[in-house]
């Protein structure tokens, strides 16, 4: 646990050093853009406010990823209860589809990721962000073999969905 001001300042710097990695993870969890930026800001704010609950010697990256994932899940549950408007609103359907192949492919990948079960999506996104299997296992509170299995199944499902 953090006790003095100097340790809190160091903790704040350590948390902010993980911001680029958190941004990548947030982009994969969300649709990117401002939603990802908001998720990163909220994660950092929650981490700094809960600094007294962080135990020195534990994995800060895993702790931050867990905060982000829990924040994302909570926001997702809240959005499911909100009714934003008509589902068939004309503004939601652009008259001209995007012509760039990469934009279409990215949307296909995003949809394929969203179709994965949460545990598989979390595993593949954590590993895609450069986390080791050991750290991912700690973060996901499971065995390394379970993480490898989930990533393997997720990759197979993505290959199948994307052709």
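The values are calculated or read from the model by the stated rules, or taken from the named source; none is laboratory data. These figures come from a predicted structure and were not determined experimentally. Reconstructed Cβ throughout: ideal geometry from the backbone, glycine too, with neighbour counts over all protein chains shown.
Cβ-Cβ distances below 8 Å connect no pair with a first residue in the range 24-53 that is not assigned by TED's automatic domain parsing to the domain that holds residue 14, a second residue that is part of a helix (DSSP H, G or I) and surrounded by 19 or more Cβ atoms within 10 Å (Cβ to Cβ), and a separation of six or more residues or different chains.
Take the residues of the range 30-40 that are surrounded by 14 or more Cβ atoms within 10 Å (Cβ to Cβ) and modelled with pLDDT of 85 or more: which is nearest to residue 107 (Cα to Cα)? Among those residues, the one meeting the criterion is 30.
Of all residues in the range 45-58, exactly one satisfies the criterion of being farther than 14 Å from residue 9 by Cα and touching a helix residue (DSSP H, G or I) at 6+ places or on another chain (Cβ under 6 Å), namely 46.
With respect to residue 70, determine if the residue is surrounded by fewer than 15 Cβ atoms within 10 Å (Cβ to Cβ), in a helix (DSSP H, G or I) and either on the phi > 0 side of the Ramachandran plot or at pLDDT below 80 (or both). First the steps, then the outcome.
Numbers: surrounded by fewer than 15 Cβ atoms within 10 Å (Cβ to Cβ): yes; in a helix (DSSP H, G or I): yes; either on the phi > 0 side of the Ramachandran plot or at pLDDT below 80 (or both): no.
Here the answer is no, as residue 70 does not meet what is asked.
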